[in-house]
Amino acid sequence: MKTLGLIGGMSWESTAEYYRLLNELTRDRLGGLHSARLVLHSVDFAVIEQLQTAGRWDEAGEVLAAAARSLEAAGADLLLICTNTMHKVAGHVEAAVSVPLLHLADATAAAVRAAGLRRVGLLGTAFTMEQDFYRGRLASGGLDVLVPDAAARALVHRVIYEELCVGVVREESRAAYRRVIGDLVAAGAEGIVLGCTEIELLVRQEDSPVPVFPTARLHAEAAVAAALDDR
């Protein structure tokens, strides 16, 4: 099995899910006591969030690039950025190392296409829903992407940063997300992309009338397949 390098900590709540998923999926594939070969560089999310808010993306990219270099030096054969939003600086990471980066949006688009769907609603941070780095990547993968209206985007973003990133899961927020999902479906969404890894702590398939695509799980599935060369 190839060694996976995880750039995590953004937030650690979802990075813990990555660790669980990667090990469970490896055990499912190989059986017995097998677990994933991986190394983790976990950054301080408070620093990253401040850079995000200030629009200092190049500086944030350098933080992740340094993490990528440390993972390559530790023996990683394949890198994962364990967050959707920070794929805005995926280019910084790719330029810093010689090992490949498995892009989360590519894994997600492939899963949506495999399900026979094309038009999806996207939930995530305001950065992910409003900027082109993620929506454009999904579109280049053959998808038509819908996002909530401004008020709903603000709600979704607030719940991520003020609740899910600090381990708070509230039924009121689940109900609010269900309403946002319902509006996206009414607008024509055939599926819902949970485009923030923390959202998987809150939303499950039973919360949506159409298929949901949990991006952390999809990323982990693609990573294990790549690490095992699809054997």
Low-density loop cleavage sites - trypsin sites (Lys or Arg not before Pro) in segment 1-99, where at most 14 other Cβ are within 10 Å (DSSP):
R56
Consider the candidate values (1) 12.0; (2) 14.9; (3) 13.0; state which one is mean projected area of the Cα convex hull in nm² computed from the structure displayed.
(1)
What's the FRET efficiency of L33 with E221 using the Cβ-Cβ distance as r and R₀ = 30 Å, to the nearest 0.05?
0.90
How much accessible area per residue does the chain have, counting only protein heavy atoms and a probe of 1.4 Å, in square angstrom?
42
Most fluctuating of Y134, Y18, Y161 in the GNM of the chain (C-alpha, under 10 Å) is Y161
Just how much of F213 is accessible, in Å², when a 1.4 Å probe is used and the result is rounded to the nearest 10?
20
HN-Hα couplings for segment 4-17 via Karplus (6.51, -1.76, 1.60; θ = phi - 60°), in whole Hz with x for Gly/Pro, come out as 8, x, 9, 9, x, x, 10, 9, 5, 4, 7, 5, 4, 5
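Heavy atoms only, probe 1.4 angstrom, no DNA, RNA or ligands counted: give me W57, W12 ranked by accessible area, highest first.
The ordering from most to least exposed comes out as W12, W57.
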S35's amide H: which non-local residues (gap 5+, or another chain) put their own amide H closer than 5 Å, with H modeled 1.01 Å from N in plane and none for Pro or chain starts?
none
Considering only protein heavy atoms, with the full assembly of protein chains and a 1.4 angstrom probe, order Y19, Y177 by accessible area, largest first.
Y19, Y177
Lys and Arg at +1, Asp and Glu at -1: add these up for the other residues within a Cβ distance under 15 Å of V185 and post the number.
-2
Amide H within-cut-off set for F213, under 5 Å, with H built and near neighbours excluded
I192, V193, L194
Here P(r) for segment 31-129, Cα-Cα distances in 5 Å bins, as whole percents, is 2, 11, 20, 20, 17, 14, 10, 4, 1, 0
For segment 1-80, how big is Rg over Rh, using alpha carbon atoms and the Kirkwood form of Rh?
1.05
Carbon and sulfur atoms account, in whole percent of the 1.4 Å probe accessible area of the chain, for 50
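The values are calculated or read from the model by the stated rules, or taken from the named source; none is laboratory data. All of these numbers come straight from a predicted model, not from anything done at the bench. Note that we place each Cβ from the backbone using ideal geometry, even for glycine, and neighbour counts take in every protein chain shown. Accessible surface is based on the protein model in full, side chains and every heavy atom, while ligands, DNA and RNA are left aside. Shrake-Rupley method; radii C 1.70, N 1.55, O 1.52, S 1.80 Å.
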